[in-house]
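Peer 1: Before anything else, here's the structure in question.
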Amino acid sequence: NETWVFVKVEQKVPPVITCPPDATIHCDWAIQTSTTDRPVTGIDFTKTGLPTAYGVCRNPEIRFRDVLQLNQCGIGTITRTFTVVENNVSRQCQQRITVLPSTSQQQWVVTPPSASVPEVGCDGPTEAQIKANQPTWVNGPCDVIGISTKKWEFEFEDGVCKKWVVEYKLVNWCTNEE
């Protein structure tokens with residue numbers, strides 16, 4: 001006797017994904033983020049962790065997408081969503097990455113402009129002269145430094161050249177220091 005049977009194999013079990021624990025990093029740590037869905041292959045996740053995922057028939061591709069909630073100094077949170085898909089069934093998990101200020105002791109340091117006064121005409125210093133004689137600074141790794149310039153004009157008697165004072169104001173927007 002012979003018997004013939006047709007078997008239809010259906011995979012009904014969804015893939016499984018386990019997220020890495022929430023992570024804390026600092027604003028000067030270089031990590032790659034993506035606000036669009038992309039595969040994790042070729043990206044270094046050593047600072048934040050990588051999920052594990054498996055399916056019934058194979059290891060499914062892991063993809064991720066980030067929602068960045070960072071201020072101008074790079075401090076805040078990143079919500080990272082990992083996704084796996086197998087046989088049109090997807091599973092997701094989320095990781096919260098907290099981004100703290102740098103632990104670097106590098107302070108922002110301002111060097112005043114030269115004490116020598118550049119030659120200017122009676123119309124005052126030009127924008128190029130003001131820029132060329134502005135202070136310089138070295139900032140910390142996550143600092144955002146802003147500079148404003150104000151030109152003061154002092155008039156004396158008629159026919160006498162005017163006097164000029166240029167004031168520079170620097171602000172570290174991350175620490176609110178002037």
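The values are calculated or read from the model by the stated rules, or taken from the named source; none is laboratory data. Predicted model only: the values in this text are computed from it and were never measured. FYI the Cβ positions are ideal-geometry reconstructions off the backbone, even for glycines, and counts take in every protein chain you see.
Peer 1: State yes or no: is Thr98 in contact (Cβ under 8 Å) with a residue 40 or more places away in the chain and either of a type in the set (Val, Ile, Thr) or surrounded by 14 or more Cβ atoms within 10 Å (Cβ to Cβ) (or both)?
Peer 2: The answer is yes for Thr98.
Peer 1: Looking at Asp22 and the list (1) in contact with a strand residue (DSSP E or B) (Cβ under 8 Å, 6 or more places away or on another chain); (2) acidic (Asp, Glu); (3) surrounded by fewer than 14 Cβ atoms within 10 Å (Cβ to Cβ), which single condition is not satisfied?
Peer 2: (3)
Peer 1: Filtering the stretch 131-176 down to residues that are touching a Leu at 6+ places or on another chain (Cβ under 9 Å) and either assigned to a strand (DSSP E or B) or at pLDDT below 80 (or both), which residue is surrounded by the most Cβ atoms within 10 Å (Cβ to Cβ)?
Peer 2: Here the answer is Ile145.
Peer 1: Please go through the stretch 1-51 and pick out each residue that is more than 29 Å from Asn88 (Cα to Cα), touching a residue at least 24 places away in the same chain (Cβ under 8 Å) and over 15 Å from the mean Cα position of the chain (by Cα).
Peer 2: Answer for the stretch 1-51, where residues must be more than 29 Å from Asn88 (Cα to Cα), touching a residue at least 24 places away in the same chain (Cβ under 8 Å) and over 15 Å from the mean Cα position of the chain (by Cα): Ala23, Lys47.
Peer 1: Output the strands (runs of 3 or more DSSP E) that fall wholly within the stretch 35-104 and possess 1 or more residues being at positive phi, or say none.
Peer 2: 76-86
Peer 1: Using the structure shown, decide if Asp123 is acidic (Asp, Glu), within 17 Å of Asp37 (Cα to Cα) and not in a helix (DSSP H, G or I).
Peer 2: Spelling it out, it is not the case that Asp123 is acidic (Asp, Glu), within 17 Å of Asp37 (Cα to Cα) and not in a helix (DSSP H, G or I).
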